[in-house]
Amino acid sequence: MILKADPDKVLRFLEDNFELLSALYRVQLEHNLILQEQFDEMMASKANVVARRLFDYKLITAQANGFRLNEPVRSFMGFLLNEFKPLLPEELKKYYGGFNGLYERIRESSDGDILILAERLDAIYMEVQQFLENVESNTGQLLRASQHLKANKADYAYSERIRRARHLIEYYIEPLNRILDVQKENSIANLLNTVSSFVNIQRFQHPHTGIRTRFARLHELLRDVDRQVLRQSHIITRELLPLIERLQTESEILTGWLYFLERPLLNEVPPMPARRKFSITGSNIGASLHLFLQQFERRPKEIVFNEAETKSINRQHLYFDRKRYQKQLQAALPVSNYFSWCLDIMHQYEQMPDTERFLKISSLVFENGEQYEMVFSDERIELEMEDAVFDLPVIELKARSTSVAESSINSDHAVSR
């Protein structure tokens, strides 16, 4: 019989028996199963009602040879305790097939059914989020395992530390680094970059506003994934690998002998260490020290500008009149080359035209996309500023009719529902 319990009662039970569930989680984490003997030993000091509640609330299930925590409970306890088993690279590679399959389906259905396209965009969003969480957990767990080996020298013999360190490098750290290497053709990071490029175009080009919103949300996530993946890759290359290498070379004498014993016929016998007396001072130490200190006595020459050479800086903050540019754009429609129009209108009205002002003006059409109809051509145009050169597509801009705008808004509400 299944006990009908309120969620708050289940949470109170978890709080009251948190140490028991933590012990069960750690046993399952180590052995993948909680044996009957282990379960009986943990429940010896508990009342019978506690064991019965574990099964009534479906926190634990019986298996052929023991018991297991249910998957949602196991994930929740791992999150609270911050203890995981590092995922094998083979387990992470499954995301490559999922991302690639959804990406191909999204490209095929970008001009088709709006509802299925929205569902696929939501699905790839959730997959990318789950992948990022697993990579962060994996890197953190590998770093903790490496630090444990480094800090607990007394618990492991030198040969055992070397064996564990090489195991982490060969089967976890280096394969994970290849998955996150954007330079690798078949890496997940490279595939996500390809998806991000496609999504970046679609968030402006797709005719449906609701779908453009989903593309924009996915693009923001992929940009964050790019930063997070780069951060995890830095942890691997700058912290994990050097830490493991120090474990393998922390004993120079043992490392030298091991290197010699691996190829005894190709290397000379290393000399045993012997004490030698030598002096750290010499006859010219005084002159060298004086020469060294002279560099700190030098002072840079003072530079004085003549009044005629100086130029005043205008620090007045110039207000950006967005409404004026909206009116100018409405009056100029239709526009055959939108970005070229932005450059001309900026030089016409701005006292200090620069890249920042150009970007503000060019963003007007994307903030009110329902009012305009954009036609992207295959032609491109280069616009040169003082500090940048923009390679931009040629976009023809027209006013969108009222009926079309209203139907687009209604369909957006339908998709959101």
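The values are calculated or read from the model by the stated rules, or taken from the named source; none is laboratory data. What you see is a predicted model; the values in this text were computed from it and never measured. Note that each Cβ is placed from the backbone with ideal geometry, even for glycine, and that neighbours are counted across all protein chains shown.
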Across the range 28-41, the tally of residues that are assigned to a helix (DSSP H, G or I) and of a type in the set (A, V, I, L, M, F, W, C) stands at 2
Kindly list the number of the only condition in (1) over 20 Å from Lys93 (Cβ atoms); (2) of a type in the set (A, V, I, L, M); (3) at pLDDT 80 or above that fails for Ile162. (3)
Selection from the range 42-61 of residues more than 25 Å from Leu87 (Cβ to Cβ) and surrounded by 12 or more Cβ atoms within 10 Å (Cβ to Cβ) yields Met42, Met43, Lys46, Val50, Ala51, Arg53, Leu54, Phe55, Asp56, Tyr57, Lys58
So for the range 46-65 (the condition being of a type outside the set (Lys, Arg) and in contact with a Pro (Cβ under 6 Å, 6 or more places away or on another chain)), does at least one residue qualify? no
Somewhere in the range 6-23, is a residue touching a Phe, Trp or Tyr at 6+ places or on another chain (Cβ under 6 Å) and surrounded by 14 or more Cβ atoms within 10 Å (Cβ to Cβ)? yes
Which of the residues that make up the range 95-106 are exposed (fewer than 13 other Cβ atoms within 10 Å of the Cβ) and of a type in the set (D, E, K, R)? Glu104
Which pairs do you get when a residue that is under 15 Å from Val135 (Cα atoms) and surrounded by 13 or more Cβ atoms within 10 Å (Cβ to Cβ), found in the range 68-93, comes within reach of a residue that is at pLDDT below 75 and of a type in the set (Phe, Trp, Tyr), reach meaning Cβ atoms under 7 angstrom, with the pair 6+ apart or on two chains? Gly78/Phe84
